[in-house]
Amino acid sequence: MRFYEYESKALLAKHGFPLPKGSKVAHTPAEAEAIAREIGGPLVLKSQVLSGGRMKAGGVLFTETPAEAKAAAETILKLEINGQTARGVLVESKQPIAQEFYLGVTWDGTAKKPVMILSDMGGIDIEEVAEQHPEHIAKRHFSTLMPFADHKAKELVASLGITGSDLNRLTRIVATLARVFQQYDLTLAEINPLGKLEDGSFVAVDGHVDLEAEAKGKHKKLLEELGIGEDETRQARPPTPFEIKGREINEVDHRGVAGNVTEFDGTLGLVIGAGGGSLTLFDAVRKHGGDPANYCEIGGNPSVSKVCNLTKLILSKPGVEKIAVMMNVVSNTRVDLVARGVIKGVIEAGHEPSEKIAIFRIPGSWERDGFKLLEKYGVEYCDRSVSMYEAAGRAVAKMKAA
Amino acid sequence: MGLFIEIKVSPDAAKDPATVKKLSEVCPVGIFTAGGNGELEIVDANVDECTLCELCLGVGAAGSVQVLKLYDGNQPLERSR
């Protein structure tokens with residue numbers, strides 16, 4: 001769940017990060033003018049959208065006077081950036097930056113640990129720096145099991161050849177950001193640029209924070225403090241009717257999960273899940289050249305009717321030719337109950353299970369009964385000796401052969 | 001009758017108030033309920049939700065409730081404990 005820049009900065013300020021002077025959000029040009037008068041001096045006004053590319057789109061403007069700030073705010077508030085209009089305009093003092101750094105903490109899915117990233121080439125895309133100037137980037141993983149130790153931050157900063165007071169100041173900033181990352185279950189905490197001012201102090205010129213969506217409930221107090229409503233999903237686009245219906249199917253029945261239904265344009269419907277299985281399977285389908293019609297996450301032993309309704313929903317989507325039912329090895333979800341649900345859904349949608357189900361690959365709990373069901377209805381299935389990747393390949397091959 | 005499961009209850013058990021009450025209590029997915037006349041009613045919409053938990057098999061006289069797996073040659077579910 002992505003935060004607007006002004007929310008990210010409010011979180012950073014709460015933990016002592018220095019921000020540019022002012023740093024207030026205006027919702028009207030008149031408010032921007034008033035804030036500008038309060039701050040004084042050269043200003044920067046930034047569109048508050050949940051999208052990158054603000055500078056290129058004209059969503060960041062520099063001004064000198066309150067009157068200019070009012071005009072700039074008027075322009076920014078009318079501007080659409082990547083389909084989004086601004087929630088407000090952040091008005092800040094323009095800082096005299098001597099050097100720009102990049103500092104980020106994010107989750108490394110491969111290492112299964114958070115990673116801190118620091119670069120002395122800030123203000124541009126970190127991916128670009130990584131590609132063209134890898135020697136200007138330092139990375140350090142840290143454990144989530146132990147309290148964060150400052151020496152980890154110091155090692156990171158020192159590995160870029162930074163010494164003296166910069167080393168001490170940056171160590172404190174890096175360590176604080178790592179702790180904020182852990183404390184609030186963030187998936188990304190980024191300051192880019194982290195500006196070093198002429199007097200040697202540092203300031204968070206721009207900030208970007210993503211909160212793990214599943215941790216929203218745990219951090220209600222923070223969200224309330226930042227003024228983020230409980231209903232705000234902060235997705236890249238509003239949910240489609242298909243996705244809303246998917247959510248309803250999940251919410252109406254407390255048994256198990258059939259959630260995160262996301263619509264795509266493809267022809268292969270997916271009933272997928274289990275401990276990260278959804279992402280793996282979705283990627284596997286794409287890797288084999290398949291064209292998914294949807295993403296979803298089933299698990300936690302959903303009821304037969306829940307799976308049935310999800311199946312019917314997916315099959316009701318125009319263009320869906322077949323569905324693939326695939327999960328990792330399951331323990332608390334029952335293979336036979338999922339099999340009953342999808343078969344029933346296919347039949348109630350007016351199709352033959354043997355025709356509509358490209359593959360059923362859910363090994364695990366109650367698979368003996370599940371496989372008997374699938375045999376009775378002539379559905380192709382496979383057990384755990386067939387990998388998820390291979391099962392996805394079989395489903396895609398079937399789609400291509402049809 | 002469901003698509004995958006069929007439940008059979010003997011007429012005597014279906015009329016016995018104590019058995020009807022117990023069946024309504026034990027089934028985790030609400031397959032059994034007491035009708036207006038106090039006799040047992042099977043909730044068709046819930047039959048396919050049967051988790052094969054065997055709890056109903058232990059209610060009333062032996063064999064008074066049968067759970068048939070229609071996907072497995074109409075095999076009756078047997079108590080495993």
Spelling out what I want: for every residue of segment A:145-161, take phi, set θ = phi - 60°, compute 6.51 cos²θ - 1.76 cosθ + 1.60 (Karplus), and round to whole Hz; glycine and proline get x. 7, 10, x, 5, 9, 4, 5, 5, 5, 5, 4, 4, 5, 5, 5, 8, x
Mean 1/r over all different Cα pairs, inverted: what Kirkwood radius does segment A:88-136 give, in Å? 12.9
I want to verify a result. In a Gaussian network model of chain A, Cα cutoff 10 Å, which of these has the top mean-square fluctuation: A:110, A:267, A:171? A:110
Lys and Arg at +1, Asp and Glu at -1: neighbours of residue A:17 with Cβ under 11 Å from its Cβ sum to +3
Just to be sure I understand: with springs between alpha-carbon atoms less than 10 Å apart, which residue in A:132, A:48, A:95 has the highest mean-square fluctuation in the Gaussian network model of chain A? A:132
As a test question: what accessible area, to the nearest 10 Å², does residue A:347 have when a 1.4 Å probe is rolled over all protein chains in place? 60
May I ask you to rank A:1, A:326 by accessible area, largest first, using a 1.4 Å probe over the protein chains only? A:1, A:326
If the cut-off is a Cα-Cα distance under 24 Å, which lysines reach residue B:8, setting aside same-chain residues fewer than 8 apart in sequence? A:344, A:372, A:376, B:21, B:22, B:69
Quick check on packing: order A:62-71, A:26-35 by the mean number of other C-beta atoms within 10 Å, highest mean leading. A:26-35, A:62-71
So which aspartates and glutamates can residue A:356 reach, going by Cα to Cα under 14 Å and dropping same-chain residues fewer than 8 places off? A:321, A:348, A:380
Enter the per residue convex hull volume of segment A:182-260, computed from alpha-carbon coordinates, in Å³ rounded to the nearest integer. 135
Please give the contour-minus-distance gain from residue A:213 to residue A:225: 0.36 nm per residue of separation, less the Cα-Cα distance, rounded to one decimal in nm. 2.6 nm
If I fit a long axis through the Cα atoms of helix A:304-316 and take the longest principal axis of the Cα atoms of chain A, what angle between them do I get, 0 to 90°, rounded to 10? 80
Determine the shielding of peptide A:338-350 by partner chains: average, over its residues, the number of Cβ atoms on other chains within 10 angstrom of each Cβ. 2
Accessible area, probe 1.4 Å, largest first, for residues A:366, A:107: A:107, A:366
If the elastic network links every pair of Cα atoms under 10 Å, which of A:94, A:356, A:196 fluctuates the most in the Gaussian network model of chain A? A:356
Spelling out what I want: for every residue of segment A:279-296, take phi, set θ = phi - 60°, compute 6.51 cos²θ - 1.76 cosθ + 1.60 (Karplus), and round to whole Hz; glycine and proline get x. 5, 4, 5, 4, 4, 5, 4, 5, 4, 7, x, x, 10, x, 8, 6, 10, 7
Express the C-alpha Rg of segment B:5-76 as a ratio against the empirical globular expectation 2.2 N^0.38 Å, rounded to two decimals. 1.01
Set of lysines with alpha-carbon distance to residue A:221 below 17 Å, sequence-local pairs under 8 removed: A:9, A:14
Rounded to the nearest 5, what % of the DSSP beta bridges within chain A are antiparallel ones? 75
Any idea what the alpha-carbon Rg over 2.2 N^0.38 Å comes to for the protein assembly as shown? 1.27
Between the alpha carbon centres of segment A:291-356 and segment A:126-199 the gap in Å comes to 45
Portion, in percent, of the accessible area of chain A that falls on carbon or sulfur, probe 1.4 Å: 51
1/(1 + (r/R0)^6) with r = Cβ-Cβ of residue B:37 and residue A:183, R0 = 60 Å, i.e. FRET efficiency to nearest 0.05, evaluates to 0.45
Rounded to the nearest 10 degrees, what's the angle between the helix B:17-26 long axis and the longest principal axis of chain B, both from Cα atoms, 0 to 90? 50
So how much accessible area does residue A:311 have, in Å² to the nearest 10, using a 1.4 Å probe? 0
What average count of beta carbons from other chains do you get within 10 Å of the Cβ of residues in B:42-55? 3
For chain A, what does -39500 (n - 2.57) per DSSP helix run (n ≥ 4), summed and divided by total residues, give at 222 nm, in deg cm²/dmol to the nearest 500? -11500 deg cm²/dmol
With angles folded into 0 to 90 degrees, how steeply does helix A:388-401 sit against the dominant principal axis of chain A? Use alpha carbons for both and round to 10. 70
List, largest first, the extents of the alpha carbons of segment A:292-402 along their principal axes, each in whole Å. 33, 28, 27
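The values are calculated or read from the model by the stated rules, or taken from the named source; none is laboratory data. Keep in mind that this is a model prediction, so the values were computed, not measured. Neighbour counts run over all protein chains shown; Cβ positions are idealised from the backbone, glycine included. The protein model used for the area step is the full one, side chains on, heavy atoms only, and it has no ligands, DNA or RNA in it. Shrake-Rupley method; radii C 1.70, N 1.55, O 1.52, S 1.80 Å.
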